[in-house]
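**Student:** Mind looking over this structure? Questions follow.
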Amino acid sequence: MAKHKISVTVNGAVREAEVESRLLLVHFLRENLRLTGTHVGCDTSHCGVCTVRLDGEPVKSCTLLAVQADGRSVNTVEGLEQGGKLHPMQEAFTEKHALQCGFCTPGMLMTASALLERNQNPSEQEIRQAISGNLCRCTGYLNIVKAVQYAAEKTRGAP
Amino acid sequence: MKTDAKICGMGHSMKRKEDPRFIRGQGNYVDDVVLPGMLYMDIVRSPHAHAKIKKIDTSKALKIPGVLAVIDGPTLEKYKLHWMPTISGDTQMVLPIDEVMYVAQEVCAVIATERYIAADGADAVEVDYEPLAPMMDPMKSIAPGAPVLRKDKAGKKDNIAFHWEAGDRAAAERALAACEVVAEQDVYLPRIHVASMETCGCVADFDAAQGKLTVHMTTQAPHAVRTVFALVAGHVGLSEERIRIISPDIGGGFGGKVPVYPGYVIAVAASVVIGKPVKWIEDRMENLQADSFARDYHMKVRLGAKKDGTMTALSIKTIADHGYTNASANPMKFPAGLFSICTGSYPMKNAFCEVDAVYTHKPPGGVAYRCSFRVTEAVHAIERVVDVLAQKLKMDPAELRMKNFIQPGQFPYKSALGWEYDSGNYPAALKKAMDIVGYEALRKEQKDKRARGELMGIGICSFTEIVGAGPSKDFDILGIKMFDSAEIRVHPTGKALARFGTKSQGQGHETTYAQIVAEELGIPAADVQVEEGDTDTAPYGLGTYASRSTPTSGAAAAMASRKIRAKAKTIAAHLLECSEVDLEWEPGKFFIKGVPGKFKTIQECAFAAYTNLPAGMEPGMEATNYYDPPNLTFPFGSYICVVDIDRGTGEVKVRRFVAVDDCGNIINPMIVDGQIHGGLAQGVGPALYEEIGYDEEGNVFGGSFLDYYVPTALECPTWETDKTVTPSPHHPLGAKGVGESATVGAPPAIANAVVDALSHLGVTHLDIPITPEKVWQQLRKAGAAL
């Protein structure tokens, strides 16, 4: 199996590796870099538990090859907390009980935090649309919607 | 609330102790476990529902660098490990010798140094099958003269897995014959799958030097698994004290992680034979196609009543399709689970139900999908047929329910099928739900919309659950009684460690159990460390499913705490130099009656337990309780669903969903609401979308997320939840359990709403999932499709 040298900026740090052509990005993150916060939940790009951000865009890392991330920037759940301070979305998820088993949570956080960057005041329908590629089997989604609204308020500095 | 926010006992919406690791991506799920020298396993599965295996050619697979071994049936046969019992006491192949019995059955397993190489190896294994005719229809399978499927069972002459019944058949028939009106309805609940976001898997690690097996695995019942492993593999030297099951963070369970699947056993065998840790993680298609399904109940329901709507008799005859083997996770005395709760919230005097379980060439199962042993089937049957009766009598479904409910003064209520309902107030719950939803206004809106040709429906479900298995006189799994446990240690500095026989899969036990200890001992919940899931450290218990954690281990936490409090009281009297009878308790401290300034805190008592004891007292501050519940608990609720239907596409949109639940006293309101929200979504799924179906050749529909539709945020409405509180009289905290109520109660509410929307078109029933196509066919038939 052919191997390729890749260089990927992961959560701000340059990571270099020699990988097989077929290695999925999610396995590169989980197994080569031991960033196990990104999970695997299906084989068909439906569940979204593997969601990371590639050059800022939320993507399903089970449907990308590691070589496709060469020269690009990847952000995972492990990079959300900065300098010991939780991302507003992380705080909001705890505050609004937007997680139970925690398995979908990292992907959900990555999608929701990307939404908030493009739209600081999303409507309920926009939130539901944005997270509709991320399945959750525990929460029934309502508290996730509330968490995104809460984080949006905090980010806007609303009272 | 008895405690303040600092102590955070019952009734506080304490933020979860689990969350800090999960929001950082630092959970430890089974696929996160990596051990030195670990190998990977991938499973070759059957593409046929029924076939003879003529040859398994592993030569190409074994030539792949990194492939170390292929384990097949004959390999396991050498160790007599090719068969295993199911948790229902039936039998199933771990790996086949010469015949496969369902699509996706495990045929052999490839062990390799890397995950991808194991998959390459599985692809390279060549299996020569001779396809045989599959039996996919349970009605054909049960018919006389059908070919016998389980030829492995000596003397087996039919395809009946079991027959079970409850109640008085003759009396129910007599009562039905005397009824002025009988509502009859065939109700089918199809196969569905829990589809937890994490699939199943394990890392089996056999340490030959110590002769010790450690298995990190996705199990809801680690102790039960340990015992089963010891019973099954005792003959090859696996002894229970040298088996350790570790259930790490679990990414959702819902019943699907109760059974022992062949993959676990093969991984264990591989680790024992090769002497290295072996990881096996299912992919989603394996998970959906091969792991235990739920439901598959074909029910014939008859509900008899007087003309005024008074219900008097019920009979339900069920054919249950169990697939290749009965792999249900039911208590032994209840092979059809707690299906006999089917009289529901109504005091009918005569009832009878029976279940014939049938083998077919489908994957094995009969586990729950977030419900307490077939309660969903029972509730769907009764709540659907109550609406059929209402339609027949031209009565409002709310009025019919109100007229019939068991009244608050009738509790404890003995049902016709033998259960003693502990407590309830059914009219109050329905009244509250109707007030919240604005029932009368909705009926008017519906009338107006109908006049305009628009379709909307209102559906009610007033369910009674039966959870918390269970009292040891009746409840066991493979002989092991269904108590559960708590072990609490209070350290000298007043902090505590509490361990349990249950295992959270997202329910928040680390928080709620800590709150129970806080409630009883006054030690802040923040100071109570909760641990579960490691059989080497946790006390024995049967695990978490059937909404049993609060009824069993939650009760055990209270009882163990009370033992500690009793000891602390003796110590406090010693420290205060008074008699115990002079002491009063408020959360966190004992004080001398009438002298509130003279007190000793629980933390001071804990320190004294290790430093300054009364003469003759045993040091330490620990207690264990194995709680054997005196009865089950009976949570209930009334749900009202409002749907709108698109006449062009047949699509059902859940506009509103009001859920009034009563789970007795509440430990953490935030977590209870979260459980209900999630359960409701898992009610929307089966009601409208989810089904695992098969064609006549045994090919599966719904075997991946491409066509097994799990509801997204777009299909779920903004849930409207509220409560009534009717404590359980026998649970030490008055709690009942809540994890599954919503999954049980939601599907009939949704189905009733859809039928209600279409009732003026002559529709009296639709089986779930009520897909757009099913609705559109009805609309077309009635000439109402756009």
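**Student:** Straight-line reach from B:Lys212: which lysines have Cα under 24 Å away, leaving out those fewer than 8 places along the same chain?
**Tutor:** By straight Cα distance, B:Lys212 reaches B:Lys78, B:Lys80, B:Lys257, B:Lys276, B:Lys279, B:Lys503.
**Student:** Taking each residue in B:285-295, count the Cβ atoms of any other chain within 10 Å of its Cβ, then average. What number comes out?
**Tutor:** Mean number of neighbouring Cβ atoms from other chains: 1.
**Student:** All other residues with a Cβ under 13 Å from the Cβ of B:Glu697 taken together, and with Lys, Arg as +1 and Asp, Glu as -1, what is their net charge?
**Tutor:** Details: positive: B:Lys362; negative: B:Asp137, B:Asp695, B:Glu696.
Once all neighbours under 13 Å are counted, the net charge is -2.
**Student:** Moving to a separate point now. Counting Lys and Arg as +1 and Asp and Glu as -1, what is the net charge of the other residues whose Cβ lies under 14 Å from the Cβ of B:Ile666?
**Tutor:** -2
**Student:** Have a look at the DSSP beta bridges in segment B:186-264 and tell me what percent are antiparallel, nearest 5. List each step's numbers first, then the result.
**Tutor:** Values: 6 of 10 bridges.
Approximately 60 percent, going by the DSSP bridge assignments.
**Student:** On alpha-carbon atoms, Rg over Rh for chain A using Kirkwood Rh? Provide the component values of the computation, followed by the final result.
**Tutor:** Numbers: Rg = 15.7 Å, Rh = 15.9 Å.
Rounded to two decimals, Rg/Rh equals 0.99.
**Student:** Can you tell me the 0 to 90 degree angle between the C-alpha axis of helix A:142-156 and the longest principal axis of chain A, rounded to 10?
**Tutor:** That works out to roughly 90 degrees.
**Student:** Would you mind ranking B:Arg489, A:Arg22, A:Arg128 so that the residue whose beta carbon has the fewest other beta carbons within 10 Å leads the list?
**Tutor:** In increasing order of surrounding Cβ atoms, one gets A:Arg22, B:Arg489, A:Arg128.
**Student:** What is the mean projected area of the alpha carbon convex hull for segment A:88-156, to one decimal in square nanometres?
**Tutor:** Values: hull surface 15.0 nm².
Value for segment A:88-156: 3.7 nm².
**Student:** Same structure, new question: On a full-extension model of 0.36 nm per residue, what is the gain between B:Val34 and B:Trp585, subtracting their alpha-carbon distance, rounded to one decimal in nm?
**Tutor:** Details: separation 551, 0.36 × 551 = 198.36 nm, distance 4.86 nm.
Contour length minus Cα-Cα distance gives 193.5 nm.
**Student:** Can you give me the Kirkwood hydrodynamic radius for chain B, using every pair of distinct Cα atoms, in Å to one decimal?
**Tutor:** About 27.6 Å, per the Kirkwood formula over Cα pairs.
**Student:** Show that you can apply the helix-only estimate: for chain A, add -39,500 (n - 2.57) for every DSSP H stretch of four or more residues, divide by all residues, and state [θ] at 222 nm to the nearest 500.
**Tutor:** Helix-only estimate at 222 nm: -8500 deg cm²/dmol.
**Student:** Right, another one. So, by mean Cβ neighbours within 10 angstrom, what's the order for B:542-554, A:85-97, B:191-203, A:2-14 with the highest one leading?
**Tutor:** Listed from highest to lowest mean packing, they are B:542-554, B:191-203, A:85-97, A:2-14.
**Student:** Per-residue HN-Hα couplings for segment B:289-300, Karplus 6.51 cos²θ - 1.76 cosθ + 1.60 at θ = phi - 60°, whole Hz, x for Gly and Pro?
**Tutor:** Those phi angles translate into 8, 10, 6, 3, 8, 10, 6, 6, 10, 9, 10, 9 Hz.
**Student:** Could you check what % of the DSSP bridge pairs in segment B:478-636 are antiparallel, to the nearest 5?
**Tutor:** 80 percent
**Student:** I would also like to ask the following. Taking amide H positions as placed in the peptide plane 1.01 Å from N, state which residues far from A:Val49 in sequence (5 or more) or on other chains have amide H under 5 Å from it.
**Tutor:** Distant-sequence amide H within range of A:Val49: A:Gly41, A:Leu135.
**Student:** What's the average, rounded to a whole number, of partner chain beta-carbon atoms within 10 Å of each residue's beta-carbon in A:32-39?
**Tutor:** 4
**Student:** Under 17 Å Cα-Cα from B:Lys157, which lysines qualify once same-chain neighbours fewer than 8 residues away are excluded?
**Tutor:** The qualifying lysines are B:Lys140.
**Student:** Given all pairs of different Cα atoms, what value in angstroms does the Kirkwood hydrodynamic radius of the protein assembly as shown take? Mind showing how you got there, number by number?
**Tutor:** Working: mean 1/r = 0.0345 Å⁻¹.
Evaluated over the protein assembly as shown, this radius sits at 29.0 Å.
**Student:** Need one number: % antiparallel among DSSP beta bridges in the protein assembly as shown, to the nearest 5.
**Tutor:** Once the DSSP bridges in the protein assembly as shown are tallied, antiparallel ones form about 80 percent.
**Student:** Further, regarding this structure: Between A:Ser45 and B:Ile274, what is the label-point separation in nm under the 7 Å Cα-to-beta-carbon projection?
**Tutor:** 3.2 nm
**Student:** Quick check on chain B: helices-only [θ] at 222 nm, where DSSP H runs of length 4 and up contribute -39,500 (n - 2.57) each and the sum goes over total residues. Nearest 500, please.
**Tutor:** -8500 deg cm²/dmol
**Student:** Rounded to two decimals, what is Rg over Rh for segment A:3-79 when you use alpha-carbon atoms and the Kirkwood radius?
**Tutor:** Details: Rg = 11.0 Å, Rh = 12.0 Å.
Answer for segment A:3-79: 0.92.
**Student:** If packing is taken as the average number of other Cβ atoms within 10 Å across a peptide's residues, how do A:142-150, A:29-37 rank, most packed first?
**Tutor:** Ranking the peptides A:142-150, A:29-37 by packing returns A:142-150, A:29-37.
**Student:** Separate question: Based only on other Cβ atoms within 10 Å, what is the fewest-to-most ordering of B:Trp164, B:Trp280?
**Tutor:** With the fewest neighbours first, B:Trp164, B:Trp280 line up as B:Trp164, B:Trp280.
**Student:** Apply the Karplus parameterisation 6.51 cos²θ - 1.76 cosθ + 1.60, with θ equal to phi minus 60°, to every residue of segment B:508-519 and state each ³J(HN,Hα) to the nearest whole Hz, in sequence, with x for glycine and proline.
**Tutor:** Running phi through 6.51 cos²θ - 1.76 cosθ + 1.60 with θ = phi - 60° gives x, 4, 4, 8, 5, 5, 4, 5, 5, 4, 4, 4 Hz.
**Student:** What is the Rg over Rh value, at two decimals, for segment B:347-387, using alpha-carbon atoms and the Kirkwood definition of Rh? All intermediate terms of the calculation are to be shown ahead of the outcome.
**Tutor:** On the way: Rg = 13.3 Å, Rh = 12.7 Å.
So for segment B:347-387, dividing Rg by the Kirkwood Rh gives 1.04.
**Student:** Sticking with this one: What is the fewest-to-most order of B:Glu691, B:Glu420 by other Cβ atoms lying within 10 Å of their Cβ?
**Tutor:** Ascending number of Cβ neighbours within 10 Å: B:Glu420, B:Glu691.
Coordinate-derived values only; no laboratory data. Because the structure is predicted, anything quoted here is derived from the model rather than measured. Positions of Cβ are backbone-derived with ideal geometry, glycine not excepted, and every protein chain shown enters the neighbour counts.
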